[in-house]
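Taken together, the values in this text are just the output of simple stated rules run on the coordinates, not laboratory data. Because the structure is a prediction, the values reported are computed rather than measured. Note that we place each Cβ from the backbone using ideal geometry, even for glycine, and neighbour counts take in every protein chain shown.
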Ligand code: ARG
């Protein structure tokens, strides 16, 4: 014998390429080498394989790493191909690498190992976005802008208040990703096919060598569960949903001339020479669809899968890679677009009072001066049908109260309430848009970024 193991008993037929994940496994090539190294070291330390054999296996793994994924021999997957490559290099002893494990715990370890990295990168993009939002907020504490509900002018607010609203949401997105990370970061290695092994392995040791926080205790759970993938993709999808709202806001703001996107994040038209389009943000918005598709695809694949390992799981993994790539990229692009956009303070100020957006503040003022809020609401609503000024309020007062507004409130205070900047300044309740109320929000955003 040439010492090379033949694997042509099964899976050599027309379904060969359908079965194989070798190409898709390029993503976990480095991870698999690390998992192989950790397992080999542990086997030697436990006296399960000889040190000399372990040494030769490790040397072969280094050479395989240098040669790269592209030079691997054919195989059903990267695990099999790397093992074959080790055997090709050092002979049959290379087959000792697979003592006391299965591809089932191996692939689960590889996915977790690689996904940790990817999730941390995604987390970094959320931090960059939060930093961009905080910078915008710090620069625009007093930049008045229209605030909307139902996309109708509602109440004036500030760019800082808007930016910190998204910072809060993205902060929770970061938390959800880190929370998922904690459960990704447990080692399934040593679970073997699902049923453990007769060999005296040290699972804590391989976990430590691979930098995992601990082990997935039950060997069947270790080899076959993929809820860690599902919660990661869900957290990514939630973040993509946040991003889509942010992108939509900025698209609308650009449309209204409130904000100018940097050329780096804009696109032109191949026919209309004057165009500057927010294409990058439209793509950010669309990634929410990809991510929701990832959640749906993964959920469907996992639904009803019996324990323990089933090959369906091979196709589950792809959803996670695609989702993490798309969302991390969208998040990074959103961070850049936000950081480089210019806010047009004048246009924003001119629009801040549009649609009688100060009406609520006027009603609040009347209520603070003793009118029942409902009566104040009615009075201002009647004025709003005419115009957003003192005269309209005065004639509404005559018809609702049968007396002048002055009987209830100082006219100067009413003029202030009608002014968008004063309106914002007066809404200083906790979390509100008044610059002094925004300062602590800015502070907690900075503290949270530093902590994450
Ligand atoms: N390529 C497989 C996967 O991604 C590895 C495990 C194969 N195990 C098996 N028993 N066929 O899930």
Taking 7 Å along the Cα-to-C-beta vector as the label spot, tell me the residue 428-residue 99 distance in nanometres, rounded to one decimal.
7.5 nm
Label point distance in nm, residue 67-residue 121, each placed 7 Å from Cα along Cα→Cβ:
2.6 nm
FRET efficiency for residue 452 and residue 367 from the Cβ-Cβ distance with R0 = 41 Å, rounded to 0.05, comes out at 0.50
Once R0 is set to 41 Å, what does the formula 1/(1 + (r/R0)^6) return for the Cβ-Cβ distance between residue 272 and residue 436, expressed as a FRET efficiency to the nearest 0.05?
0.35
Taking a crude spin-label model, label points 7 Å out from Cα along the C-beta direction, the residue 46 to residue 345 distance in nm is 6.7 nm
Counting only DSSP beta bridges with both residues in the chain, what percent are antiparallel, rounded to the nearest 5?
80 percent
What is the gain in length, in nm to one decimal, between residue 410 and residue 241 on full extension, counting 0.36 nm per residue of separation less the C-alpha to C-alpha distance?
56.2 nm
For 272, 220, 145, order by how many other beta-carbon atoms lie within 10 Å, fewest first:
272, 220, 145
For the range 16-99: rounded, prolate or oblate by the Cα gyration tensor [a/c cutoff 1.5]
prolate
Cα centroid separation - the range 230-248 against the range 309-353, whole Å
8 Å
Taking R0 as 30 Å, what's the FRET efficiency between residue 16 and residue 329 from their Cβ-Cβ distance, rounded to 0.05?
0.35
Per-residue Cβ contact counts at 10 Å, fewest first, order 271, 48, 144, 87 as 271, 48, 87, 144
Please work out the Cα center distance from the range 42-88 to the range 422-437, rounded to the nearest Å.
64 Å
Decide, for the chain, between rounded, prolate and oblate: order the square roots of the alpha carbon gyration tensor eigenvalues as a ≥ b ≥ c, take rounded if a/c falls under 1.5, and otherwise choose prolate if a/b is larger than b/c, else oblate.
prolate
Residue-averaged [θ]222 nm for the chain, counting only DSSP H segments that reach four residues, each worth -39500 (n - 2.57):
-20500 deg cm²/dmol
Quick shape check on the range 303-388: root eigenvalues a ≥ b ≥ c of the Cα gyration tensor, a/c under 1.5 is rounded, otherwise prolate if a/b tops b/c, else oblate, and it reads oblate
Which of 331, 132 has the fewest other C-beta atoms within 10 Å, and how do the rest follow up to the most?
132, 331
